[in-house]
1. Considering chain A as a Gaussian network with a 10 Å cut-off on Cα pairs, which listed residue, A:39, A:104, A:86, attains the greatest mean-square fluctuation?
2. Taking every DSSP beta bridge with both residues inside segment A:44-145, roughly what % is antiparallel (nearest 5)?
3. Roughly how crowded by other chains is peptide A:11-19, in terms of the mean Cβ count from those chains within 10 Å of each of its Cβ atoms?
4. At a 10 angstrom cut-off on C-beta neighbours, averaged per residue, how do the peptides B:109-116, A:96-103, B:37-44 rank from highest to lowest?
5. When you look at the Cβ of every residue in A:112-122, what mean number of other chain Cβ atoms sits within 10 Å?
6. Hey, rough spin-label estimate for residue B:34 and residue B:117, points 7 angstrom out along Cα→Cβ, what's it come to in nanometres?
7. Taking the Cβ-Cβ separation of residue B:134 and residue A:5 as r and a Förster radius of 45 Å, what is the calculated FRET efficiency to the nearest 0.05?
8. Evaluate the distance, in nm, between pseudo-label points positioned 7 Å from the Cα of residue B:152 and of residue A:250 along their respective Cα→Cβ axes.
């Protein structure tokens, strides 16, 4: 009983210290500027570990201005967060979908009605555009993109070229780049996109997209993607985009994201809390 | 029950952010409290009577899953690139799967006084129901049907 009580106190103190050392969110930028976004984020309930409101505060902490919640063929997480009134105006949260089909995965950014996964790629993109959204090819490697008609490639708004799966797997990086370059031959405004495909275990925004926007708003973000005014970033300091855009973005670059959470005071406080919880479980 | 929800809430917060704050702990605990609630419902299949002591014994069989979740959260904090070890960490789930089934069988024999054969049948039913619920959530969370169709080449 005494050891459990002490472990409980240690847990509470470690979480309290973690709360006190937590950095507050930054205020949003204004005017014509460069924004950082992550357009492939999974939330709970779904196959992500965090609810939308915690993703939003984590986004602010990691220097992201916009995130798209892209759960697989459902948007319960976004609807729940909005119904509870837990979504702040900034960082911008865009309700979206990872359209998951047997032939391709596509990030449907800015859709409120779910796109039918039985549609072929071109019809799905048309349905996304009809809702004012943009369509991004999600991790388009040969294994997961088999239904690729020329019409669909011409309609795409963006394609992921930076994704955590290419860390230590150069051939996958080459595949993403080859898809992007091939699609650009028929679709010159195709936006290069960097996404973390966040579920948990790796940091939000590990790979990200820099956007050159005219207006800091959801409409401004979607417009930048439509016009191809983006630079994909990551892993590390890898940048993919038109030279002029890369040059514009370089001045705004924050430090490259580390593949893990790093080792800060928060890390050790969290570890202390987890160990204390372990003691409580063992003695329960 | 509350401890299980707290373990899941704290673990998911760490796996998602590498930190723990009260906001993260409370959000995660409330959000994932549906898990012990479902466990409570499936426990009715196993215990089949209103008995507080038996229920406490039943929830103590969650210990191996709780320790696995906490170990996973600790690994995410300590490893320099936890994403790279994700498949390995997921594969280690076989340990709590086996240990929980054994703990449930022992609980049925020792606390509910069932014979070895009855205990095995009841645990089997409990596990089938549990994994059916897990499968239903997986279908909701990752869109299983299109993935299955992709696997079979349709």
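Bear in mind these aren't lab numbers, they're just calculated from the coordinates by the rules spelled out. Model, not experiment: these values are computed from the prediction. Heads up, the Cβs are rebuilt from the backbone with ideal geometry, glycines too, and the neighbour counts pull from every protein chain shown.
1. A:86
2. Taking every DSSP beta bridge within segment A:44-145, about 65 percent pair in antiparallel fashion.
3. Other-chain Cβ atoms within 10 Å of each residue's Cβ, averaged: 4.
4. A:96-103, B:37-44, B:109-116
5. Numbers: counts 0, 0, 0, 0, 0, 4, 3, 0, 0, 0, 0.
Mean inter-chain Cβ contacts per residue within 10 Å come to 1.
6. 4.0
7. 0.85
8. 5.3
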